[in-house]
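Written out below as structure tokens is the structure these notes cover.
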């Protein structure tokens, strides 16, 4: 059978290829690649070679390769840099595995990641890779969902000090810089470096810009971004994962204040037993304290919150930005309306029900994943009775904790203990499959 080769190419084209790769290109009778890459090597292709552009048709590449091999034609697939570094290599291997066309050769090139890190003197083994080379979903906003094209990059930047980002024509470095400012990052706490038209004669480098500088710059395309994040103000002062003081949150004080106080919040979060990839619902979010702290615990998951009061909803969004929580989406409305658009949860917190408690419990347990937990905080006996009756009627297991906390207060140069309202923390368990 004639050879099939996946070859990595850089923008200096022929000069970037090894002798073996050059021979494969010159002798191929079918050459598959992006129009731009095909044009780079066109002068070196056989005049009889069939050129197949893959732009907008990536899913058909395995079919084209398989067909060429059935016809015993030498086929070359062109990719950028290292095809196994955010390239077509893994996709092609998976689709062709176990077929006669699955035995193909990969000739990688230096990856764009390696080239750019070399330009900026950054050890690439310490860099996290992310991509926003995807469809245009618009500008980033506080509370953007996981479907947003910038979401993978924003979460990578939140979790890692150095992130290499593949950009796209719509999701540009400028848009990414605006997103980071929107998410609460200070302009000068992020070193924003952009490499444009790498390996071309007109290559340009923009090193360690501030975010404000980046949003004012028009970068030549194509380009990639290296984001290096220093210790933020919050991290420098030891910002905790959770356990924030009530006063850390924007809230409707003094007439209402924070509904779920620190002591009740900590116990509720413990009862939810979150993992790092948990999907969490926060029903009746208030100022967002439970949801925001849940998002900081479920760093690879996402929190979906709903709040009917516009002032509380505005505070919740502001608190998400304040603590740079980019895996938190808040909807304004009254549950259970709108919950059908959310993914099934692993854990649910109910801080308010808007008078629909029985219906809400039924809706939640129709959706919660097996083994999930639903935690409900109550201060009114009637709501507690309604909830336990609904759980019993559904045959669900539950347990109850009454939390009575007191806080010290200064008094005449000494201290007294002031009791908070008692809170019932009801935990209900979804059956295991």
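We did not get these values from a lab; they are worked out from the coordinates using the rules stated. The structure presented is a predicted model; accordingly, all values stated were derived computationally and were not measured. Ideal geometry is used to build each Cβ from the backbone, glycine not excepted, and the neighbour counts take in all protein chains shown.
Calculate the spin-label point distance for residue 263 paired with residue 411, positioning each point 7 Å from the Cα along the beta-carbon direction, and give it in nanometres.
If labels sit at residue 411 and residue 263, their model points lie 1.5 nm apart.
Looking at [x] -0.48, -0.71; [y] -0.44, -0.71; [z] -0.55, -0.76, which value of log10 I(q)/I(0) by the Debye sum over Cα atoms at q = 0.07, 0.09 Å⁻¹ comes from a calculation on the structure shown?
Of the labelled values, this structure produces [x].
How much FRET efficiency would the formula 1/(1 + (r/R0)^6) give for residue 308 and residue 141, where r is the Cβ-Cβ distance and R0 is 25 Å, rounded to 0.05?
For R0 = 25 Å, the calculated efficiency reads 0.80.
Mind giving me the FRET efficiency for residue 273 and residue 381? R0 is 25 Å, r the Cβ-Cβ distance, nearest 0.05 is fine.
It comes out at approximately 0.40.
Pick from 407, 300, 119: which residue has the top mean-square fluctuation in a GNM of the chain where Cα pairs under 10 Å get a spring?
With Cα springs under 10 Å in the chain, the top fluctuation among 407, 300, 119 is at 407.
To test your reading of the geometry: what angle, between 0 and 90 degrees and rounded to tens, separates the Cα axis of helix 61-70 from the longest principal axis of the chain?
It is inclined by approximately 40 degrees.
Using alpha carbons only, how many degrees (0 to 90, rounded to 10) separate the axis of helix 173-182 from the longest principal axis of the chain?
The angle comes out at about 10 degrees.
For residue 48 and residue 205 in the same chain, what is the full-extension length gain: residue separation times 0.36 nm, less their Cα-Cα distance, in nm? Could you put the intermediate results ahead of the total?
Numbers: separation 157, 0.36 × 157 = 56.52 nm, distance 3.92 nm.
Result: 52.6 nm gained on full extension.
If the elastic network links every pair of Cα atoms under 10 Å, which of 71, 263, 189 fluctuates the most in the Gaussian network model of the chain?
Of 71, 263, 189, the most mobile in the Gaussian network model is 71.
Can you tell me the 0 to 90 degree angle between the C-alpha axis of helix 381-393 and the longest principal axis of the chain, rounded to 10?
Compared with the principal axis, the helix lies near 60 degrees.
If you count the DSSP beta bridges with both ends in the chain, what percent of them are antiparallel, to the nearest 5?
50
Can you tell which of 197, 321, 50 shows the greatest fluctuation in a Gaussian network model of the chain with Cα springs below 10 Å?
Fluctuation is largest for 50.
Using Cβ counts within 10 Å as a stand-in for footprinting exposure, how do 194, 30 rank, fewest first?
Numbers: 194 27, 30 21.
Ordered from fewest to most neighbouring Cβ atoms within 10 Å, 194, 30 come out as 30, 194.
Return the calculated 222 nm mean residue ellipticity for the chain, to the nearest 500 deg cm²/dmol, obtained by summing -39500 (n - 2.57) across DSSP H runs with n ≥ 4 and dividing by the residue count.
Details: 14 runs with 125 residues, N = 433.
The helix contribution divided over the chain gives -8000 deg cm²/dmol.
Counting alpha carbon pairs within less than 8 Å and at least 6 residues apart, what relative contact order, in whole percent, applies to the range 113-234?
28
What is the distance in Å between the Cα centres of the range 149-194 and the range 79-129?
Value for the Cα centre distance between the two parts: 22 Å.
How much length is gained on full extension from residue 57 to residue 105, taking 0.36 nm per residue of separation minus their Cα-Cα distance?
Roughly 15.1 nm would be gained on extension.
Take 154, 411 and order them by how many other Cβ atoms sit within 10 Å, fewest up front. Before the final figure, lay out each step's value.
Details: 154 25, 411 10.
Neighbour counts put them in this order, fewest first: 411, 154.
Once you keep just the Cα pairs under 8 angstrom separated by 6 or more residues, what percentage relative contact order results for the chain?
Values: 863 pairs, mean separation 45.3, N = 433.
RCO, the chain: 10 percent.
Roughly how far apart, in whole Å, are the Cα centres of the range 402-433 and the range 242-309?
When both Cα centres are located, 16 Å separates them.
Quick check: residue separation of residue 344 and residue 402 times 0.36 nm, minus the Cα distance between them. What number comes out in nm?
Difference between extended and current length: 18.0 nm.
Please state the shape class of the range 246-429: rounded when a/c is under 1.5, otherwise prolate if a/b exceeds b/c and oblate if not, all from the C-alpha gyration tensor.
Here the range 246-429 falls in the oblate category.
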